[in-house]
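Heads up: the structure comes next, in structure tokens.
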Amino acid sequence: MYRIYIETYGCQMNFADSEIVASLMQREGHTMVTDIEEADYVLINTCAIRDNAEQRIRKRLRELRAVQQRHHQLRIGILGCMAERLQSQLMVEEENVSFVVGPDAYRRLPDILRQVRQPGVKAAETELSTTETYSDIEPVRLGSNGVSAYISIMRGCQNYCAYCVVPYTRGRERSRDPETIVAEARSLFNQGYKEVTLLGQNVNSYHWYNPDDGQETGFADLISHVADISPQLRVRFATSHPKDLSDELLQVMVSHDNVCKCIHLPVQSGSDRMLKLMNRHYDAAWYLDRIAAIRRYMPDCSITTDVIAGFCSETEEEHRMTLELFRKVRYDYAYMFKFSMRPDTYAAKHLVDDVPEDVKTRRLEEIIALQGQIALENNRLEVGKEFEVLVEGESHRSKEQLFGRTSQNKVVVFDRQDVCVGQYVRVRVTDCTAATLKGILIQ
Ligand code: 5AD
Ligand code: SF4
């Protein structure tokens, strides 16, 4: 039986996948360890979304050579999107890697670990599946706070946004049986968890057809089934594609207090020409209509986004349209990126990465500066208001303080008094920064 150390990079989906891998390992009798020095195997669950994500993994592999010098028996394996993208080529480029396993092949891991015990043996399993959802695997919650957990509800993506490598690394979209999702959420709640985040690349296209009774389940149905487990269980979800965000979902959010009032709706650009080139299937007017619908149903809903600066042929005017859209929407938070050309994508095959690096950097900085200002102004509007906060842990700054989140996913820090992690408390906001609210408990 082996000792296994796992390290995770990238999106929430990868963190959820590492928990599935840990579960598969424990089933075989292997032990997960948190000290790399004790490990027989290091598994690195990787991200390929931008070039800098891959460079970071390559740097980590160089660092791990020192650990391998001390422990000759140590085997290193690459999991996830970078494994899928580069396949066995990665083991040629990185000599200290013994195996690569793609996101749909984790059930093959126990066999692979056995094979690569032999000195010099290498293995690659990167076949993608149209059906694998790991629906029967109860994930082992790694590094959990015991309060919130991820549940993967679907895998893959076939939207083929022109810049994005995900459809190539994670394969076709497939939804997981809703009964297994609800059962996992119920089991978490029974263990004391208070919040679940339902994960998928495009949750709004979740769809399940049950051949036995002809019943169809869409995402709005799924959310309400999970929310019905208990009013004490908060439900979050990510990520929504603007083209599929339905009023039906917004209505379900309104009708369940425990479905968190927070929507992550990646816009990517404010220019219609860029959106078309990106193959996003909506324009700025459609996007703003969806924002208006969210605000109409839930005036207190927070809205967050992803945006790309400097996509192929983006002009100064088009960049200004993105800034303008940010001013109109007034996001509470944004993940902001410079465009990074990825091999195999539509952009790599048909477009030219022609915005100079310094221009991309400047455009990104302008978006970041604007968004920082808007986030601070939004937070200032919360000062004086009261929120229900789910307590997640001790503040990083002081043992005397705890932090939790509002339904809107805003972090609130407050003096701990006799409050425990996992409790719901009422807090009045007294101060803020762009990233955090500060508050006092209301008894
Ligand atoms: N370059 C920059 N950002 C990208 N994203 C996806 N692909 C790229 C790329 N090639 C961003 C998008 C997406 C988020 C997860 O990552 O904004 O929504
Ligand atoms: Fe990538 Fe677009 Fe799919 Fe999101 S929806 S994973 S950006 S292809």
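Read-outs: derived from the displayed coordinates by stated rules, not from any lab. Computed from a predicted model, the values in this text were never measured in an experiment. Neighbour counts run over all protein chains shown; Cβ positions are idealised from the backbone, glycine included.
Decide, for segment 4-88, between rounded, prolate and oblate: order the square roots of the alpha carbon gyration tensor eigenvalues as a ≥ b ≥ c, take rounded if a/c falls under 1.5, and otherwise choose prolate if a/b is larger than b/c, else oblate. Because a/c hits 1.5 or more and a/b fails to exceed b/c, segment 4-88 counts as oblate. Relative contact order of segment 6-47, taken over Cα pairs closer than 8 Å and 6 or more residues apart, is 63 percent.
Distance between the C-alpha centers of segment 297-354 and segment 391-410? Whole Å please. Between the Cα centre of segment 297-354 and that of segment 391-410, the gap is 30 Å. Sites listed here are GluC sites (Glu not before Pro) in segment 349-443 whose DSSP assignment is loop and whose Cβ has at most 13 other Cβ atoms within 10 Å: Glu400. Simple point charges give the picture: +1 on the Cβ of Lys and Arg, -1 on the Cβ of Asp and Glu, and for the chain a dipole about the Cα centre of about 780 debye.
Extension gain, Ser230 to His350: 0.36 nm times the residue separation minus the Cα-Cα distance gives 38.2 nm. Spin-label model, Leu376/Asp283: points 7 Å from Cα along the beta carbon direction are separated by 3.6 nm. Mean-square fluctuations from a GNM of the chain, with a 10 angstrom spring cutoff on Cα atoms, peak among Thr322, Thr361, Thr239 at Thr361. Put simply, the C-alpha atoms of segment 204-322 give a gyration tensor, and the ellipsoid matching it has half-axes of 31, 17, 11 Å, longest first. Computed on the Cα atoms alone, the convex hull of the chain gives a volume of 157 cubic angstrom per residue. Rounded to the nearest 0.05, the FRET efficiency derived from the C-beta distance between Ala183 and Arg320 at R0 = 45 Å is 0.35. Partners of Lys122 within straight-line reach, counting lysines whose Cα lies under 24 Å from its Cα and excluding those fewer than 8 residues away in the same chain: Lys59.
Within segment 123-165, which residues have the backbone N less than 17 Å from the label spot 7 Å out from Met341 along Cα→beta-carbon, could you tell me? Within reach of a label on Met341, which here means backbone N under 17 Å from a point 7 Å along Cα→Cβ, segment 123-165 contributes 162-165. Using equal-weight Cα scatterers in the Debye expression, the normalised intensity of segment 286-408 in log10 at q = 0.14 Å⁻¹ is -0.79. How many angstrom separate the Cα center of segment 1-69 from the Cα center of segment 236-287? A separation of 32 Å, based on Cα centres. Against the empirical curve 2.2 N^0.38 Å, the C-alpha radius of gyration of segment 348-422 lands at a ratio of 1.71.
You can think of it this way: the chain between Gln12 and Asn145 has 46.4 nm of extra reach, that is 0.36 nm per residue less the Cα-Cα gap.
Straight-line cross-link reach from Lys399 at under 18 Å between alpha-carbon atoms covers these lysines, not counting any fewer than eight positions away in the same chain: Lys438.
Using only DSSP helix segments of four residues or longer, with each worth -39500 (n - 2.57), what per-residue ellipticity at 222 nm results for the chain after dividing by its residue count and rounding to 500?
Estimated from H runs of four or more residues: -10500 deg cm²/dmol.
Longer than 19 Å from Cα to Cα, which of Lys328/Lys385; Lys243/Lys338; Lys276/Lys349; Lys194/Lys261 are they? Say none if no pair is. Flagged as over cut-off: Lys328/Lys385; Lys243/Lys338. Counting only DSSP beta bridges whose two residues both lie in segment 327-443, roughly 85 percent are antiparallel. Label separation (Glu394 vs Thr361): 4.0 nm, computed from points 7 Å beyond Cα along the C-beta direction. Which of rounded, prolate, oblate describes segment 178-218, given a ≥ b ≥ c as roots of the alpha-carbon gyration tensor eigenvalues and a/c under 1.5 marking rounded, otherwise prolate only if a/b is larger than b/c? Judged from the Cα gyration tensor, segment 178-218 comes out oblate (a/c at least 1.5, b/c at or above a/b).
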